[in-house]
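What follows is a single structure, written as structure tokens, with notes after it.
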Amino acid sequence: MTDGRHFESAAEVNLFRQWGADVVGQTLCPEVYLAREMGACYAGIYLVVNYGEGVVKPWEHRELEEIFFAAAPAFGRIVLKALGRVTLDDDCGCADLRKPTLLRPENTGKRPL
């Protein structure tokens with residue numbers, strides 16, 4: 001996972017390759033960290049759409065757009081099927097991972113969202 005609002009540089013891709021990485025992306029964070037801090041359940045689904053910078057050839061936005069639009073129906077089916085299998089119980093342990101915070105409903109006088 002790389003940080004930032006930009007795609008990985010050729011140097012970052014090369015470094016991750018040296019470390020044995022197969023996939024590099026920026027989509028996993030900060031969502032997963034925030035979910036853990038809140039004690040929320042979290043799952044991700046990701047679509048690998050292009051080679052990293054400097055690996056093959058420069059990518060074009062049009063190519064990524066075509067991949068995303070072509071994959072949208074299958075992604076939608078996967079998400080709906082996964083949601084249909086989710087059990088809503090409190091025994092998963094995610095809430096136990098919640099970090100201490102001052103932003104709790106009892107500290108603000110407001111009801112939880």
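Count neighbours as other Cβ atoms within 10 Å of each site's Cβ, and list the trypsin sites (Lys or Arg not before Pro) in the range 1-53 that are DSSP loop with at most 12 such neighbours.
Answer in residue order: 5.
Working out 0.36 nm times the residue gap between residue 57 and residue 19, then minus their Cα-Cα distance, what length gain in nm do you get to one decimal? Mind dumping the intermediate values first?
Numbers: separation 38, 0.36 × 38 = 13.68 nm, distance 2.16 nm.
Using 0.36 nm per residue and subtracting the Cα-Cα distance, I get 11.5 nm.
Roughly speaking, what is the stretch gain from residue 99 to residue 75, that is 0.36 nm per residue apart minus the C-alpha to C-alpha distance, in nm to one decimal? Walk me through the numbers on the way to the answer.
On the way: separation 24, 0.36 × 24 = 8.64 nm, distance 3.19 nm.
Net length gain for the segment: 5.4 nm.
Read the figures in this text as sums done on the coordinates, not as results from a lab. It should be emphasised that the depicted structure is a prediction, and the values quoted were computed from it without experimental measurement. Because the Cβ atoms are built from the backbone with ideal geometry, glycine has one as well, and the counts that use them run over all protein chains shown.
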